[in-house]
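**Q** I'd like to ask some things about the structure below.
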Amino acid sequence: MTLWPRLFDRVMEVIAALLLVALLVTVSLGIVTRAVGEPLIWTDEVSRFLMLWVAVTGWILASRRRAHIRIRFFHDMLPARGWRSAEALMQLAMVVFGGLTVWYSIHLVQANYDLEATTVPLSMGLLYAPMVLAGIVTVLQGLAEFVGNLMNWRTSPYEPVAATLQEPAE
């Protein structure tokens, strides 16, 4: 992995950790202030913003690490060329999904930019802004995986089978 992807991943990890801590503090503050009878009304709304941002940073990190949920039962039954073809289709679907996410997210940000949150002076467009970044990262990740798949088209996607420890029968 080159420097820029590693740097991007590290920055996203730090942002995710900071957002998670901020979410934990905000939710805890809301619980404590309600318990003592003096609730802070802004904690619910800030928690909603933070939860979406945490989810999106998680999506980006999972996509970058190829840790998203995949059920490969039937996929792994395919011969090598079929496996590569199915993988290419999934990667192209990832690019299309990311592109649609960018497109619709931009429209959501624009449509909600002039609306202000109820309890905090923030634009509601900020609620949807991280989806634009997530879509862009999804498109780039899908394209990178697709190109990598094409470059390795002739090699088998399966791990070589290790020699067994069992003695051959005589």
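Here, each number is a calculation from the coordinates, and none is a lab measurement. Note that the coordinates shown come from a computational prediction; the quantities given were computed from them, not determined experimentally. No Cβ is skipped: glycine too gets one built from the backbone with ideal geometry, and neighbour counts run over all protein chains shown.
**Q** Please give the charge dipole size of the chain, origin at the Cα centre, charges +1 on K and R Cβ atoms and -1 on D and E Cβ atoms. Round to the nearest 20 debye.
**A** 360 debye
**Q** Right, something else. Note the listed values (1) 41; (2) 35; (3) 23, then indicate which one is percent of Cα pairs over 29 Å apart calculated from this particular structure.
**A** (1)
**Q** Expressed as an acute angle from 0 to 90° and rounded to the nearest 10, what is the orientation of the C-alpha long axis of helix 125-151 relative to the principal long axis of the chain?
**A** 10 degrees
**Q** Cut-off 10 angstrom, C-alpha nodes, Gaussian network model of the chain. Which of MET51, MET12, MET77 fluctuates the most?
**A** Residue with maximal mean-square fluctuation among MET51, MET12, MET77: MET77.
**Q** Now, a different point. Once the dipole of the chain is set up with Lys and Arg at +1 and Asp and Glu at -1 on Cβ about the Cα centre, which of VAL32, ALA134, VAL96 lies farthest towards its positive end?
**A** Projecting each Cα onto the dipole axis, the largest value belongs to VAL96.
**Q** From the backbone phi of the range 60-66, what are the Karplus-calculated ³J(HN,Hα) couplings (6.51 cos²θ - 1.76 cosθ + 1.60, θ = phi - 60°) in whole Hz, Gly and Pro given as x?
**A** Computed from phi, the couplings for the range 60-66 are 4, 5, 5, 5, 5, 8, 6 Hz.
**Q** Cut-off 16 Å, label point 7 angstrom out along Cα-to-Cβ of ASN152: give me the residues of the range 44-67 whose amide nitrogen falls inside.
**A** Within reach of a label on ASN152: 64-67.
**Q** Now for a different question. Quick one: among ALA35, ALA111, ALA86, which has the greatest mean-square fluctuation in a GNM of the chain with alpha-carbon springs under 10 angstrom?
**A** Highest fluctuation of the listed residues: ALA35.
**Q** Of LEU108, LEU50, LEU150, which has the largest mean-square fluctuation in a 10 Å C-alpha GNM of the chain?
**A** In this elastic network of the chain, the residue with the biggest mean-square fluctuation among LEU108, LEU50, LEU150 is LEU150.
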